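Participant: Dropping a structure here in structure tokens format, bear with me for questions.
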Amino acid sequence: MQLFRFANPEYLYLLLLLPLMIVLFIINAVRRRKALDRLGDRTLVGKLMPEASRLRPVIKFVFILVAVSASVIMLARPQYGSKLEEVKRQGVEVIIALDVSNSMLAEDIQPNRLTRAKQAISRLVDNLDNDKIGLIVFAGDAYTQIPVTTDYVSAKMFLSTINPDMVPKQGTAIGAAIKLAAKSFTPGEGKSKALIIITDGENHEDDPVAEAEEASKSGVVIHTIGIGSAEGVPVPVNTGGRRDYLKDRDGSTVITKLDEDILKKIAMASGGSYIRASNSNIGLDEIFRDIKGMKKDEIESTVYTEYDDQFQIFSGIALFFLLLEFIIMDRKNRKLQNVRLFRFKI
């Protein structure tokens with residue numbers, strides 16, 4: 001399978017000119033119609049202007065739109081990857097375990113805990129270079145969302161789809177996330193392995209400290225980020241299109257609080273660090289700077305190393321439609337008006 005990309009994707013923003021061109025064309029057409037209406041009856045005016053055509057200006061404009069679109073794509077330089085190569089780079093392996101339980105919808109971190117965490121992870125992925133990254137989501141159970149990879153584009157794509165509904169069992173099983181992460185790293189002695197857990201720390205399912213101690217035996221360093229307020233806030237939910245707050249079985253409003261103690265113990269058990277997130281700073285960048293100081297290993301990845309330009313196709317399309325637009329006149333040609341390529345006897 002070949003990989004498609006744009007060498008200069010910033011030029012694609014020029015496609016935003018197309019709606020503006022359409023609006024200007026419609027405004028001009030309306031003005032011309034009003035001007036003709038002021039001259040008198042539209043049928044009579046039409047007989048006085050037998051060479052005028054309503055359809056031809058529209059066709060010419062469509063040709064211009066196609067030519068502009070093709071030209072923009074040509075400037076963006078579409079390419080296909082044509083050669084696969086195994087590349088060895090120096091980097092570390094990082095897995096992020098993200099809490100997606102309902103409590104992560106609390107709004108003590110704006111716009112809510114989960115959204116801010118996803119935004120921070122997305123920015124981190126943008127700054128990655130030679131490192132591998134994986135993503136685990138957890139609530140009452142833990143699931144691998146993205147295996148460790150250097151495919152940062154796919155990582156961001158999957159990240160955008162994360163929401164609490166993707167884990168059917170509610171709860172906060174931090175221990176399960178640690179156990180799954182420990183098995184997800186690339187096997188091998190001496191590998192630099194780091195796990196970052198982003199959660200409010202309200203663990204109800206297992207013993208995460210014991211799992212952290214077990215993971216540290218295989219060289220996994222666990223860093224934790226506590227997201228939320230220690231005072232506690234309600235969890236907003238939408239019920240039948242109406243905003244409400246999460247209730248327990250007794251009908252009481254659920255209050256979610258940040259449990260810093262458990263997160264500090266997890267980090268301490270594996271030689272990692274703990275950071276409390278705030279509205280201005282989640283803390284992911286600080287932890288990743290510490291991770292970058294770890295011993296870097298050779299990381300093998302398969303990448304496309306040669307790309308073939310495909311802009312020639314779009315330059316041909318643009319030239320063809322510009323030529324058509326030039327050839328077709330705005331008005332009907334009297335000399336060609338009576339020409340019939342096909343004659344039928346009825």
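Read-outs: derived from the displayed coordinates by stated rules, not from any lab. All of these numbers come straight from a predicted model, not from anything done at the bench. A quick note on method: Cβ atoms are made from the backbone with ideal geometry, for glycine too, and the neighbour counts reach across all protein chains shown.
Participant: Could you tell me the ratio Rg/Rh of segment 161-254? Both radii from Cα atoms, Rh via Kirkwood.
Facilitator: Across segment 161-254, the Cα-based Rg/Rh ratio is 1.07.
Participant: Which one, Ala210, Ile162, Ile266, is farthest towards the positive end of the dipole of segment 93-295 when Lys and Arg carry +1 and Asp and Glu -1 on their Cβ?
Facilitator: After comparing all options, I get Ile162.
Participant: Please tell me which of these pairs span more than 20 angstrom C-alpha to C-alpha: Lys132/Lys169; Lys132/Lys156; Lys217/Lys265; Lys183/Lys257; Lys183/Lys217?
Facilitator: Values: Lys132/Lys169 29 Å; Lys132/Lys156 13 Å; Lys217/Lys265 16 Å; Lys183/Lys257 30 Å; Lys183/Lys217 12 Å.
Cα-Cα > 20 Å for Lys132/Lys169; Lys183/Lys257; rest within.
Participant: Classify segment 95-212: rounded, prolate or oblate, from the alpha-carbon gyration tensor (a ≥ b ≥ c, eigenvalue square roots; a/c under 1.5 rounded; otherwise prolate if a/b is larger than b/c)?
Facilitator: Oblate.
Participant: Label Met166 and Asn279 with points 7 Å out from Cα along Cα→Cβ: what is the distance between them in nm?
Facilitator: Here the modelled spin labels are 2.8 nm apart.
Participant: How do Thr149, Thr253 line up, fewest other C-beta atoms within 10 Å first?
Facilitator: Working: Thr149 14, Thr253 11.
The most exposed by this proxy come first: Thr253, Thr149.
Participant: What number in nm² do you get for segment 93-295 if you take the convex hull of its Cα atoms and divide its surface by four?
Facilitator: Computing the convex hull of the Cα atoms and averaging its projections yields 11.0 nm².
Participant: Let me check against my output: what whole-number percent is the relative contact order of segment 93-295, with C-alpha pairs under 8 Å and at least 6 apart?
Facilitator: In percent, rounded to a whole number, it is 23.
Participant: Treating the beta-carbon of each Lys and Arg as +1 and of each Asp and Glu as -1, no other charges, what is the dipole magnitude of segment 93-295 about its Cα centre, to the nearest 20 debye?
Facilitator: 420
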